[in-house]
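Trainee: This structure is in structure tokens; I'll ask about it shortly.
The values are calculated or read from the model by the stated rules, or taken from the named source; none is laboratory data. From a predicted model like this one, the values you see are computed outputs, not experimental measurements. We place every Cβ from the backbone using ideal geometry, glycine too, and count neighbours over all the protein chains shown.
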Amino acid sequence: MDSGYVYILTNPSFRDDWVKIGKSKRLREIRGRELYNTAVPLPFEIYATLKTVKYNEAEKMIHRMIDRISDLRINKSREFFKIMPEEAYEIFADIKSIIGDEAELTLHGDNVEVTTPSRVRVSQIFNFYSRGIKDGDVIKFVEDDSISAIVISSRQVLFEGENWYLSPLARELFERMGKGNNSGAYQGPLFFTYQNIRLTDLKVIE
């Protein structure tokens, strides 16, 4: 049996606690069908994926689990849910443990895993300020340090006169270099540095 994906999508034009949870045979299809959907002002971003041969069953289990928590489905006929992506990710992790070792759970986009004070690793949306980076600071692209961007908010940078989140900027830069991956999904903070340190290696300021 071939593997497929259950995915969590976020969108900068949505509320922080709105996500889309669906399934697809290939990551490339998620990119083509969802990330550049003209029905929304800004493209979706892949937050996380669960790869498994049981992706049909996994999606149904996840939808049922969320529906049982409370009335979180924004539209009963759609795959949008009122839940923080971090909480949805925890449900994905629970489903992975039920399915077994063959399932692969992956974070994408501007997301990183951090260790909490209780020493439990959780997923969080990357935040420049939490790493001691301020507005006006400069970050550089790992593949070419002559390519830089200026931090303008907790999550966005200014590049070539436009505002960008890290994951779509990484995708844009890799595609310009002819090095785009098959899925089109990038964990943005992995591909930029601040003062020669990769963003994901910077210590979180408590």
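Trainee: Starting from residues that are of a type outside the set (A, V, I, L, M) and over 21 Å from the mean Cα position of the chain (by Cα), keep the ones in region 128-142 and report whichever is nearest to Lys179 (Cα to Cα).
Mentor: Ranking the candidates gives Asp137 first.
Trainee: So which residues in region 148-157 are buried (at least 17 other Cβ atoms within 10 Å of the Cβ) and not basic (Lys, Arg), if there are any at all?
Mentor: Initially, region 148-157 is screened for residues buried (at least 17 other Cβ atoms within 10 Å of the Cβ), giving 149, 151, 155-157.
Scanning region 148-157 gives Ala149, Val151, Gln156, Val157.
Trainee: If I ask for residues that are crowded, with 20+ Cβ neighbours inside 10 Å and at pLDDT 90 or above, which ones from region 158-190 would you list?
Mentor: Leu173
Trainee: Restricting to region 38-67, and then to whatever is among the hydroxyl-bearing types (Ser, Thr, Tyr) and not in a helix (DSSP H, G or I), can you tell me which residue is surrounded by the fewest Cβ atoms within 10 Å (Cβ to Cβ)?
Mentor: Filtering region 38-67 down to residues among the hydroxyl-bearing types (Ser, Thr, Tyr) leaves 38, 47, 49, 52, 55.
From the residues that got through so far, the ones that are not in a helix (DSSP H, G or I) too are 38, 47, 49, 52.
Working: Thr38: 6, Tyr47: 27, Thr49: 25, Thr52: 23.
Out of the qualifying residues, it is Thr38.
Trainee: Still on this model: Take Ser123 and decide whether it is in a helix (DSSP H, G or I) and either surrounded by 12 or more Cβ atoms within 10 Å (Cβ to Cβ) or modelled with pLDDT of 60 or more (or both). Don't jump to the end; show me each part of the working.
Mentor: Details: in a helix (DSSP H, G or I): no; either surrounded by 12 or more Cβ atoms within 10 Å (Cβ to Cβ) or modelled with pLDDT of 60 or more (or both): yes.
In short, no.
Trainee: From the residues in region 130-184 that are touching a Leu at 6+ places or on another chain (Cβ under 6 Å) and outside any strand (DSSP E or B), which one is farthest from Thr49 (Cα to Cα)?
Mentor: Result: Ile152.
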